[in-house]
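Here's the structure we're looking at; comments come further down.
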Amino acid sequence: MDLPERCRADDDLLKLIQCMKQLTGRIDISGHRAGTGFIQRIRFVHGKCPCSVDCRDSRYKYAILTVSTVVHIFDDKPDRKDLLHEFVRKPETAQIILDYERDDDDLSCLPTLYGHRLLETDKDLGIDSDWCCLEFVSHELRLVEELNTSLTSYQELQGKVYQKYKGESVNLVVLVGHPGRRPKQISIGKTIRKYKILKEIRDGQKWGRYYYDAPTEKGSSGSPVFVLGQPISGFAYWFGHPHNHSAKKTEKINYSSIGVEYVV
């Protein structure tokens with residue numbers, strides 16, 4: 001499916017999708033499970049990098065990257081009684097591979113972020129959320145600076161695009177992910193149900209999920225979900241976290257993890 005005609009020449013929207021793509025990577029866990037994650041926060045730290053590889057000359061400065069994804073990629077137990085158990089015990093078993101764009105890419109040569117710790121889940125909301133947030137680390141500071149530039153641009157463009165399309169009826173959903181563990185792909189579709197509010201939070205924040213028909217496969221789980229007209233501008237530390245692709249409801253209906261609707 002192509003972009004709606006109204007959107008095809010919109011430089012701000014096209015730049016937003018490009019930034020979204022740059023901030024998305026394939027999460028690999030212990031070499032046998034995989035999903036997708038989205039970088040939503042970056043901070044630089046002075047100290048010895050805790051990554052699992054030799055930090056060489058940059059060992060006393062590194063970056064912590066906060067990544068949003070979904071819980072179920074870490075645990076395939078249907079009852080989910082021990083969510084994220086493997087990552088919590090051995091966070092170094094998770095990595096994020098960036099810039100995986102072509103079938104012939106050598107994954108061992110691509111930029112990689114290394115698992116550090118579980119930061120948060122939405123388990124305390126008392127609803128089926130499937131969302132979680134993790135910290136990864138990198139000592140490749142040039143790479144992180146580029147990602148930080150993309151993240152800043154993405155946040156600014158969110159606000160611009162929201163204001164531009166606010167009140168319009170253009171229906172567009174964009175996902176970026178690694179379906180079937182394959183190279184990164186952009187998936188375009190439409191929302192097919194009204195945004196489902198699951199919980200009202202303070203200051204007008206609404207926690208809920210989207211339903212859409214953008215194509216997905218196993219491996220797409222955790223993909224960032226951008227909905228045109230979605231009332232969110234930028235990310236706060238917690239509140240304002242994005243929606244990530246969760247699962248299929250039916251063959252033609254997908255749904256997101258919970259996320260926050262909140263205009264800054």
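Observations, loosely collected:
- All-pairs alpha carbon distance profile, the chain, 5 Å steps from 0, percent: 1, 6, 13, 18, 20, 18, 12, 7, 3, 1, 0
- Hydrodynamic radius (Kirkwood) for segment 174-216, which is based on Cα pairs only, to one decimal in Å: 12.2
- Shown here for segment 97-186: GluC sites (Glu not before Pro) in loop regions (DSSP other than H, G, I, E, B) with at most 16 other Cβ atoms within 10 Å, namely 101, 168.
- Max mean-square fluctuation residue, GNM over the chain, Cα-Cα springs under 10 Å, options 88, 71, 173: 88
- Using a Förster distance of 22 Å, the FRET efficiency for residue 182-residue 8 (Cβ separation, nearest 0.05): 0.30
- A cut-off of 5 Å between modelled amide H atoms, ignoring neighbours fewer than 5 places along the same chain, links residue 110 with no other residue.
- On Cα atoms only, tilt of 141-165 relative to the major axis of the chain in degrees: 10
- Segment 153-203 - charge dipole about Cα centre, Lys and Arg +1 at Cβ, Asp and Glu -1, debye rounded to 20: 260
- To the nearest 10, the accessible area of residue 174 is 0 Å² with a 1.4 Å probe.
- Highest-fluctuation residue, 223, 169, 129 considered, GNM on the chain with Cα pairs under 10 Å: 169
- Projecting the Cα positions of 143, 7, 245 onto the charge dipole of the chain (unit charges on Cβ atoms of Lys, Arg, Asp and Glu, taken about the Cα centre) puts 245 furthest along the positive direction.
- Sparsely packed loop sites in segment 98-180 (the trypsin sites (Lys or Arg not before Pro) outside DSSP H, G, I, E and B with at most 12 other Cβ atoms within 10 Å) comprise 102, 166.
- Per residue, the chain exposes 47 Å² of solvent-accessible protein surface, assessed with a 1.4 angstrom probe and all protein chains in place.
- Compared with the dominant principal axis of the Cα atoms in the chain, helix 11-22 is inclined by about 30°.
- Taking all protein chains together and a 1.4 Å probe, the residues 206, 15 rank 15, 206 from largest to smallest accessible area.
- Long pairs among 61/218; 206/248; 21/252; 21/248, criterion Cα-Cα beyond 27 Å: 61/218
- Accessible surface of the chain, 1.4 Å probe, proportion on carbon and sulfur as whole %: 47
- Point-charge dipole on Cβ atoms (K/R +1, D/E -1) for the chain, about Cα centre, debye to 20: 560
The values are calculated or read from the model by the stated rules, or taken from the named source; none is laboratory data. Here the structure is a predicted model, which is why all the values come from computation and not from measurement. Cβ atoms come from the backbone with ideal geometry, glycine included; neighbour counts cover every protein chain shown. Each accessible area value is taken on the protein alone, full model and side chains, heavy atoms only, with ligands, DNA and RNA left out. Shrake-Rupley method; radii C 1.70, N 1.55, O 1.52, S 1.80 Å.
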